[in-house]
Amino acid sequence: MDNRNTQSALRNESQGSAGIGIDRRGFLECMAWAGTGVIWGVSGGVLGSSLIGSAQAAPTDGGFSFAQISDSHIGFSKDPNHDVTATLTEAVRQINALPQRPSFILHTGDLTHLAKPEEFDTVAQVLQTAKVDKIFYVPGEHDVFTDDAKSYLNRYGKGTRGTGWQSFDFQGVHFIGLVNVLNLKSGGLGVLGQEQLDWLKADVAGLSANTPIVVFAHVPLWTVYPKWGWGTEDSEQAIALLKRFGSVTILNGHIHQIMQKVEGNVKFHTARSTAFPQPEPGKAESPGPIKNVPADKLRSVLGITNVAYVERSGSLAIVDSTLE
Amino acid sequence: LLPGVDSLCETVAMLKKIALDATARPFVAVTVAFAMFASWIGCQRAPISQRSLKEPVTAEDTAASYEIVIDNFTFSPAKLTIPRGATVHWVNRDDVPHTVTSSTRPRELDSGTLDTDDRSSHQFNAVGTFDYFCAVHPHMTGQIVVK
């Protein structure tokens, strides 16, 4: 572990965590069980690493972890990243190097840039090298806009409902994959649609309120910046169906940067892209790629997310690491 | 920048080619010659974007050509009024793909994927208001009014 990096991270984190009730000691305890310090050691840097969720657990080997990758945009080949396959490969290498092997990966969409068959093929070739049991996917708008998701669903639709909605249980945690990138309306945001909301309502109806819930979807399920389309117009209806649960973690992509929000028991988190960064809301004329990233800095703005779950506390800790 | 003029002059070139092919068909040749003249006039005039949009509809308008540039996730101009019969060309200058897609079905406009520097054209033969958006980035909207 790189002590210098860890210390600097601790300073950042203790400031950043002030609002969610983690003191330095509590944070150190979290580190112990989440193993995040080791992850930082592997990644060699802690830029933007973060933790949400006030896990109070003592060190334990209970629970499991999984990784999230997002916005691999295979097919993109312009500034600042002319080799998005290489950075996705690096993301997988980093996941494979994690000290605690993740049980699975969630890919939160925009696998491809233009949904071309060869782009999907490359995604599959790279991700098959991941040392995990399974990878779950939800589409981004780039994966579906050319053909209303036909190619995507041919490859990833098996075992899903509707346009790729799905849910599964893993070691007591209920995972829900939602699709909010189809049937988009002019001037609108991401949309889930009534049919999917009805399915969601039925899906969680039989669950007890202490079941931890993890939702993954491409476009943020809260309104980040509507001017750039960064939000989902009917997300509040989905959140309302989940409010009764004691722990809800929402994992999104789409905006190619980390953002977090905590609203009661619901924690929202967006992941970095493995392809290119996008500007902070309103900090540029458009949400297009940030082009002027020096080649030697690119990997410091791309990354993966690792989520650890501790059974005893029912909490999830989210740690982002860059590809450096 | 003279948006639209380049493509208008391309149209003149195309019409010249058609005229050569049409020498055996006098009526077509005359029509094409007129269109050529009208287009040539267009080439000599102010940029299309600066033209008065209230000029009467003439045969010139069927050869009229307008360009909308997609840049920084914006259709520019976002609202365009054109005479019936005119053709609108969209060109994507962004580093990400966009589409030109009618906001309502049936879709008068359905460009498919426009990657960087790709173009899409559509001739508007009916009067009306045509709202469209980018199917990848639905916050991007535009409107064509055909008079």
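The values are calculated or read from the model by the stated rules, or taken from the named source; none is laboratory data. On a predicted model such as this, the values are computed, not experimentally measured, just so you know. Note that each Cβ is placed from the backbone with ideal geometry, even for glycine, and that neighbours are counted across all protein chains shown.
Structure notes:
- Those residues of the range A:177-195 which are closer than 27 Å to A:F64 by Cβ and assigned to a loop (DSSP other than H, G, I, E, B), in sequence order: A:L178, A:V179, A:N180
- Residue within the range A:207-219 that is more than 14 Å from every other protein chain (Cβ to nearest Cβ), touching a Lys or Arg at 6+ places or on another chain (Cβ under 6 Å) and either in a loop (DSSP other than H, G, I, E, B) or at pLDDT 95 or above (or both) present: yes
- Residue in the range A:201-220 that is hydroxyl-bearing (S, T, Y) and either without any contact (Cβ under 8 Å) to a residue 12 or more places away in the chain or more than 30 Å from A:K150 (Cβ to Cβ) (or both) present: yes
- Pairs, first more than 14 Å from chain A (Cβ to nearest Cβ) in the range B:72-98, second acidic (D, E) and part of a loop (DSSP other than H, G, I, E, B), C-beta under 9 Å, six or more apart: B:P83/B:E55; B:W90/B:D118; B:V91/B:D117; B:V91/B:D118
- Answer residue from the range A:109-144, given it is surrounded by fewer than 22 Cβ atoms within 10 Å (Cβ to Cβ) and within 11 Å of another protein chain (Cβ to nearest Cβ) and is farthest from A:L189 (Cα to Cα) among those: A:K116
- Residue in the range A:287-324 that is farthest from the chain's Cα centre (by Cα), counting only those that are within 14 Å of chain B (Cβ to nearest Cβ) and crowded, with 17+ Cβ neighbours inside 10 Å: A:V293
- Matching option when the condition is within 14 Å of the chain's Cα centre (by Cα) and aliphatic (A, V, I, L, M), among B:V127, B:V91, B:V96: B:V91
- Within the range A:201-231, tally of residues that are β-branched (V, I, T), in contact with a helix residue (DSSP H, G or I) (Cβ under 8 Å, 6 or more places away or on another chain) and more than 22 Å from A:F66 (Cβ to Cβ): 1
- Here A:D203 clears all of (1) loosely packed, with under 15 Cβ neighbours inside 10 Å; (2) more than 30 Å from A:S321 (Cα to Cα) except the condition numbered (1).
- In the range A:158-188, the residues that are closer than 17 Å to A:P102 by Cα and in contact (Cβ under 8 Å) with a residue 40 or more places away in the chain: A:F170, A:Q171, A:G172, A:V173, A:H174, A:F175
Quick grid of which residues meet (1) within 22 Å of A:P287 (Cα to Cα); (2) in a helix (DSSP H, G or I); (3) away from chain B (no Cβ under 14 Å); (4) of a type in the set (F, W, Y):
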{"site": "A:D148", "(1), (2), (3), (4)": "no, no, no, no"}
{"site": "A:F175", "(1), (2), (3), (4)": "no, no, yes, yes"}
{"site": "A:L197", "(1), (2), (3), (4)": "no, yes, yes, no"}
{"site": "A:A202", "(1), (2), (3), (4)": "no, yes, yes, no"}
{"site": "A:Q237", "(1), (2), (3), (4)": "no, yes, yes, no"}
{"site": "A:L241", "(1), (2), (3), (4)": "no, yes, yes, no"}
{"site": "A:H254", "(1), (2), (3), (4)": "yes, no, no, no"}
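- Residues that are in contact with a strand residue (DSSP E or B) (Cβ under 7 Å, 6 or more places away or on another chain), acidic (D, E) and assigned to a loop (DSSP other than H, G, I, E, B) do occur in the range A:133-143.
- Residue tally, condition within 14 Å of chain B (Cβ to nearest Cβ) and in contact (Cβ under 8 Å) with a residue 24 or more places away in the chain, over the range A:76-108: 6
- Residues in the range A:266-286 that are among the hydroxyl-bearing types (S, T, Y), within 14 Å of chain B (Cβ to nearest Cβ) and either touching a residue at least 60 places away in the same chain (Cβ under 8 Å) or surrounded by fewer than 16 Cβ atoms within 10 Å (Cβ to Cβ) (or both): A:S273 alone.
Residues are listed down the side, and each one gets a yes or a no for (1) buried (at least 24 other Cβ atoms within 10 Å of the Cβ); (2) more than 20 Å from A:F136 (Cα to Cα); (3) β-branched (V, I, T):
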site	(1), (2), (3)
A:S65	no, no, no
A:Q68	yes, no, no
A:D79	no, yes, no
A:L88	yes, no, no
A:A91	yes, no, no
A:N96	no, no, no
A:P102	no, no, no
A:H107	yes, no, no
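- Selected residue (criterion: farthest from A:I255 (Cα to Cα)) from residues of the range B:121-140 that are within 14 Å of chain A (Cβ to nearest Cβ) and part of a strand (DSSP E or B): B:T129
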